[in-house]
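Every read-out reported here was derived from the displayed coordinates using simple, explicitly stated rules and does not represent laboratory data. Please read all numbers here as calculations on a predicted model, not as lab measurements. Here Cβ is always computed from backbone atoms with ideal geometry, including for glycine, and neighbour counts include all displayed protein chains.
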């Protein structure tokens, strides 16, 4: 009997011991979360009523996350995908300067983002921005109307999907409404329009695209057209969308370039030209709240 028990115990020991000792263990990957943007600079992280904050998050795994206010209120919940993803916050919770927590729901990982939820500060930044980029002698320069017709060229030089994604961005970030026309549609007389043209290169072989504004007066813009040069065809899908977003911005916003790492900033790579910060959104809201030639309110 003792011999039998000894053999049984030895067999169990060898079975479990050898099994755990020789089988390789699969490492469990660790989630990481890091805020890429906005910077906490007291400008791009200022929020308030009626704006969207785009938050770029670097992550190592696809994950379900939420964003939590200091009082525990959930401001956002959704899925992010590696290596980077962008979430859009519209609810900012309690007022004031504070840290909101971006938290994984599938692992014990979180990171903080400092924001300033202050409507007055946001408005002050927006006025300064609009005066610098969208005014002449302190008076508003803007499209005559807030509805813009996108003409379909013959033959088409752009896919409808690229144009559609570009105008969807500006409809979300500005008061402008866009109507994409079919080739046989008739545009109402006196409307603001944007058209696209295939163009031979103008001396600069690296030129990708160029927007031309059409002015009715010094303060009124009728619309414009966008020239697309041959290097445009070498761009990938996302780059094409961002370039069209940028050029439409020159017609509805300003002929100037910005310096905030946004869609109108040519100092950042094309694939990163996809942001429009809350103070810029509020600036366009102010711009189109009054008529051309009037002062910023």
* Structure fact -> Labelled set (i) 0.99; (ii) 1.15; (iii) 1.39; Cα Rg over 2.2 N^0.38 Å computed from this model equals the value at (iii)
* Take the Cβ-Cβ distance between residue 60 and residue 101 as r, set R0 to 25 Å, and report the resulting FRET efficiency rounded to the nearest 0.05. => 0.85
* **Ranked list, fewest to most other Cβ atoms within 10 Å of each Cβ, for 46, 167** => 167, 46
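Counting alpha carbon pairs within less than 8 Å and at least 6 residues apart, what relative contact order, in whole percent, applies to the range 33-117? Could you put the intermediate results ahead of the total?
On the way: 194 pairs, mean separation 27.9, N = 85.
Over the range 33-117, the number comes to 33 percent.
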* Asked: How would you rank 173, 181, going from fewest to most other Cβ atoms within 10 Å of each one's own Cβ?
  -> 181, 173
* Asked: Can you tell which of 106, 239, 151 shows the greatest fluctuation in a Gaussian network model of the chain with Cα springs below 10 Å?
  -> 106
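With n ≥ 4 as the cut-off for DSSP H runs, can you work out [θ] at 222 nm for the chain, using -39500 (n - 2.57) per run divided by the number of residues, rounded to the nearest 500? Mind showing how you got there, number by number?
On the way: 5 runs with 77 residues, N = 297.
Theoretical 222 nm ellipticity from helices: -8500 deg cm²/dmol.
Viscosity 1.567 mPa s, temperature 4 °C: give me the Stokes-Einstein translational D for the range 33-117 in µm²/s, with Rh taken as the Kirkwood radius over C-alpha pairs.
101
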* Structure fact -> Cβ density ranking, 10 Å radius, fewest first, applied to 169, 279 yields 169, 279
* For the chain, modelled as a GNM with alpha-carbon contacts under 10 angstrom, which of 38, 175, 188 fluctuates the most? -> 188
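Using Cα-Cα distances under 8 Å and only pairs 6 or more residues apart, what relative contact order does the chain have, in percent?
Working: 564 pairs, mean separation 53.1, N = 297.
The normalised contact order for the chain reaches 18 percent.
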* Structure fact -> In a Gaussian network model of the chain with springs linking alpha carbons closer than 10 Å, the residue among 263, 47, 157 that fluctuates most is 157
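May I ask you to compute the full-extension gain from residue 185 to residue 218, defined as 0.36 nm times their residue separation minus their alpha-carbon distance, rounded to one decimal in nm?
Working: separation 33, 0.36 × 33 = 11.88 nm, distance 3.01 nm.
So the chain would gain 8.9 nm between residue 185 and residue 218.
For the chain, give me the percentage of DSSP beta bridges that are antiparallel, rounded to the nearest 5 percent.
Numbers: 38 of 55 bridges.
The antiparallel fraction comes to roughly 70 percent.
Can you give the Kirkwood hydrodynamic radius of the range 120-287 from its Cα pairs, in Å with one decimal? Can you show the working numbers first?
On the way: mean 1/r = 0.0611 Å⁻¹.
Here the Kirkwood hydrodynamic radius works out to 16.4 Å.
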